[in-house]
Amino acid sequence: MSEPAPASSLHDLTVQRFGFVLLQNFSLVCLSAAIDPLRLANMVVGRRVYDYALLGVDAPQVTSSAGVRVLADADIAGAADFDAVFVVGPNPIPRSPVAGLGDWLHQCSHRGVALGGLDTGSYFLARAGLLDGYRCTIHWEDQDLLLERFPKVTVTSRLYEIDRDRYTCSGGIASLDLMMQLLGRAPGSRELVARVLELLVAEARHQQRQRTSLRQYIGPAHGKLDEALQIMESNLDEPLDVPEIAGLTRLSQRQLERLFRDRLHKSPAQAYLEIRLLRARQMLYRTSNSIEEISVRTGFVSATHFATRYKALFLLSPSADRKRYLGSL
């Protein structure tokens, strides 16, 4: 067990109270990565500086996406006096609204409570109009949905965002990064953050971008390869040709092709097509955009060409794949 930190500045910390609203199918890892830093911070300081409560919405027991059932400490209707409230979002996002949640979040905002969204929690803040004019982030699978439905919200691909009194993260263990930044805002808390990270056997990550598409699966195997894949991901609606990508990465076309063949066992053109089709599938699943619009936004000359390429990779037509996915929710 860690000994209380000797630094006198830590003993000047004022108590803060955080509420975590658990929605059905919430991300368990996201919740744990947010709460554990608070528990360990209390242990380091030697007293309960960070208080927190799990909140339900009309149900005392909430089931996570992993199937683990969690008993809430209170219902949101009877919860108050928080410094910050975080909505721990579900995956996938439900098509129907969560009754009473938006009104309660507005009440919190009117009382000066800071609002946060973990994983897809940002969606519920945006749906209530509480992210209009703010910068936020969300899990990369749902970025297009947020952009499509809430044009007044600035959506980034960063791991977390802190914009005035709005705190959002992209999901998974990114809630740990967000929480460490919030802990580090208190005067004299530098040592506290270092000690908590040490206890978690973790390292600080500062505003990295989320990995998406093909890069999500291969990892940073090679700097130039990662750079080329980022260029492809950033140019979906008007795909670049291979010589252009090679020039932007300061490689010859032959070097680029050899790098892709050696590392991915496919050509740059094949990888580019896969990235575009993976993004198209994401949009089919997570947005209401038409197939024609999706084909344009992923750089295909026609919906017919798009459907042919899509079926060759996923063994289903775009319309059949969307119907299958929606039917499984």
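Just so you know, all these numbers are worked out from the coordinates, no wet-lab data involved. None of these values were measured; they are calculated from a predicted model. Every residue, glycine as well, gets a Cβ built from its backbone with ideal geometry; the counts of neighbours run over all protein chains shown.
Gain in length, residue 320 to residue 301, computed as 0.36 nm per residue apart minus the alpha-carbon separation, to one decimal in nm?
Extending this stretch completely gives an extra 4.8 nm.
Excluding residue 149 itself, what net charge comes from residues whose Cβ is under 15 Å from its Cβ, given Lys and Arg +1 and Asp and Glu -1?
-2
Pull up the DSSP beta bridges for region 1-158 and report the antiparallel fraction as a percent, rounded to 5.
15 percent
With the Cα gyration tensor of region 259-329 giving a ≥ b ≥ c as the square roots of its eigenvalues, does the rule (a/c under 1.5 for rounded; else a/b larger than b/c for prolate; else oblate) give rounded, prolate or oblate?
Prolate is the answer for region 259-329, as a/c is 1.5 or above and a/b outweighs b/c.
Taking the highest mean first, how do the peptides 223-235, 59-71 order by number of other beta carbon atoms within 10 angstrom per residue?
Put in order of decreasing packing, that is 223-235, 59-71.
Between residue 253 and residue 107, how high is the FRET efficiency from 1/(1 + (r/R0)^6) when r is the Cβ-Cβ distance and R₀ = 56 Å? Nearest 0.05.
About 0.40, to the nearest 0.05.
With contacts defined as alpha carbon pairs under 8 Å and 6 or more residues apart, what's the relative contact order of region 13-60 in percent?
After rounding, I find 60 percent.
Taking the DSSP beta bridges in the chain as the whole, what percent of them are antiparallel, to the nearest 5?
Around 25 percent antiparallel, to the nearest 5.
Let me make sure I get this right: for region 20-129, a, b and c are the square roots of the gyration tensor eigenvalues over alpha carbons, sorted descending. Under 1.5 in a/c it's rounded, otherwise prolate if a/b > b/c, else oblate. Which is it?
Cα axes put region 20-129 in the oblate bin.
How compact is region 8-200 by the rule of thumb for globular proteins, expressed as Cα Rg over 2.2 N^0.38 Å?
The reported ratio for this selection is 0.97.
Could I have the simple spin-label model distance between residue 308 and residue 99, label points 7 Å from Cα toward Cβ, reported in nm to one decimal?
5.1 nm
What does the net charge come to around residue 319 if you take all other residues with beta carbon closer than 13 Å to its beta carbon, with K and R at +1 and D and E at -1?
+3
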